[in-house]
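A short write-up of the structure that comes next.
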Amino acid sequence: MYMFFKRIFDIFFSLFLIILISPLFLIIIVCLIIFNNGYIFYLQNRIGFRNRSFGIKKFASMLKNSESLPGGTITLRNDSRVTKIGRILRITKLNELPQLLNVLFGEMSFVGPRPMLQEGFNLYTPEVQAIIYQSRPGITGISSVIFRDEERLVTDSDMDPKEFYKTVIFPYKGELEQWYYKNRSVWVDFAILFLTGLKIIAPGTKLEFKLFPSLPESEQFKF
């Protein structure tokens, strides 16, 4: 029943938002045409519902073919591949808006585990891989709330970025996604949506650990 109502909410609310903010879509598209050499949409294959691949949609915030440039799929703070307008889109999370279409088409949900690249998915343990995408991947999720400024964490680490993801970030994300799978509900989803908005206004808040007392914490991160 939860999954049914969640899908109904996703369809109607994504359609409502697409209509409501269509003027903002047009403004961003015009700005990208003018200031981003006409490069508007970024499409990338991600692992999605029931571990099937799908194409995630974003507004382009980096140089075209940026994955073939130094840095690959890992983005650091002040990454030179991020364009000037892309920096604004990334900070405000407006680059994620086209994912409303992914939600409408049933490839994503508003709340769920973030869809991973195959190489990222491979860093999860088999236990996490087996359950993480039994829920549709989300525009936001508990990992998105906790890792609000993931780029800064990677940039500030003394470790090699790939090693940092493998040994520090993904083990903790795996714990968080296992927690979400066990606790997913209408209440949890709406609380995560609220926390996502709150993190944009007050990124230093730790309200998530008060709302969700059973949420696993990390020794490496002091959020």
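Do you know which residues across region 126-152 are β-branched (Val, Ile, Thr) and surrounded by 22 or more Cβ atoms within 10 Å (Cβ to Cβ)?
Of everything in region 126-152, those that are β-branched (Val, Ile, Thr) and surrounded by 22 or more Cβ atoms within 10 Å (Cβ to Cβ) turn out to be Ile132, Ile139, Thr140, Ile142, Val145, Ile146.
Name the single residue that is surrounded by the most Cβ atoms within 10 Å (Cβ to Cβ) among those in region 82-125 being of a type in the set (Lys, Arg) and closer than 26 Å to Trp187 by Cα.
Arg114
Among the residues of region 154-164 satisfying the criterion of being out of contact with any Lys or Arg (no Cβ under 9 Å at 6 or more places or on another chain) and under 18 Å from Tyr124 (Cβ atoms), which is surrounded by the most Cβ atoms within 10 Å (Cβ to Cβ)?
The extreme case among them is Phe164.
State yes or no: is Lys206 among the charged types (D, E, K, R) and within 19 Å of the chain's Cα centre (by Cα)? Break it down into steps so the answer makes sense when it comes.
Working: among the charged types (D, E, K, R): yes; within 19 Å of the chain's Cα centre (by Cα): yes.
It is true that Lys206 is among the charged types (D, E, K, R) and within 19 Å of the chain's Cα centre (by Cα).
Can you find a residue in region 177-192 that is part of a loop (DSSP other than H, G, I, E, B) and in contact with a strand residue (DSSP E or B) (Cβ under 9 Å, 6 or more places away or on another chain)?
The initial filter retains those residues of region 177-192 that are part of a loop (DSSP other than H, G, I, E, B), namely 184-185.
With in contact with a strand residue (DSSP E or B) (Cβ under 9 Å, 6 or more places away or on another chain) added as a condition, the list becomes 184.
Checked region 177-192: at least one residue is part of a loop (DSSP other than H, G, I, E, B) and in contact with a strand residue (DSSP E or B) (Cβ under 9 Å, 6 or more places away or on another chain).
Go through (1) surrounded by 12 or more Cβ atoms within 10 Å (Cβ to Cβ); (2) assigned to a helix (DSSP H, G or I) for Thr205 and report which single condition fails.
Result: Thr205 passes all but (2).
Any residue at all in region 157-179 that's within 22 Å of Ile8 (Cα to Cα) and not small (Gly, Ala, Ser)?
Looking through region 157-179, none of the residues is within 22 Å of Ile8 (Cα to Cα) and not small (Gly, Ala, Ser).
State the number of residues belonging to region 176-195 that are free of Cβ contacts under 8 Å to residues at least 40 places away in the same chain and charged (D, E, K, R).
Matching residues across region 176-195 total 1.
Determine which single condition Val128 fails, assuming it passes every other condition in (1) out of contact with any strand residue (DSSP E or B) (no Cβ under 9 Å at 6 or more places or on another chain); (2) at pLDDT below 95.
It fails just one condition, (2).
If you check every pair at least six apart or on different chains, which have Cβ atoms under 8 Å apart with a residue in region 139-159 that is without any contact (Cβ under 8 Å) to a residue 12 or more places away in the chain first and a residue that is in a helix (DSSP H, G or I) second?
Ser157/Phe164; Ser157/Val168; Met159/Thr167; Met159/Val168
For Leu123, all conditions in the list (1) assigned to a loop (DSSP other than H, G, I, E, B); (2) more than 22 Å from Trp179 (Cβ to Cβ); (3) at pLDDT below 95 hold save one; what is the number of the exception?
(2)
Would you please name the residue that is farthest from Asn37 (Cα to Cα), looking only at residues in region 85-117 that are among the charged types (D, E, K, R), in a helix (DSSP H, G or I) and under 13 Å from the mean Cα position of the chain (by Cα)? Before you say what the answer is, go through the steps one by one.
Here is the first cut: in region 85-117, the ones among the charged types (D, E, K, R) are 87, 90, 93, 96, 107, 114.
Checking which are in a helix (DSSP H, G or I) leaves us with 87, 90, 96.
Those still in the list that are under 13 Å from the mean Cα position of the chain (by Cα) too: 90, 96.
Details: Arg90: 18, Glu96: 20 Å.
For region 85-117, the residue satisfying everything is Glu96.
So if I check each of Pro171, Pro216, which one is surrounded by fewer than 21 Cβ atoms within 10 Å (Cβ to Cβ) and over 29 Å from Phe4 (Cα atoms)?
Checking each option against the conditions leaves just Pro171.
The values are calculated or read from the model by the stated rules, or taken from the named source; none is laboratory data. From a predicted model like this one, the values you see are computed outputs, not experimental measurements. Positions of Cβ are generated from backbone atoms using ideal geometry, with glycine treated the same way; all protein chains shown enter the neighbour counts.
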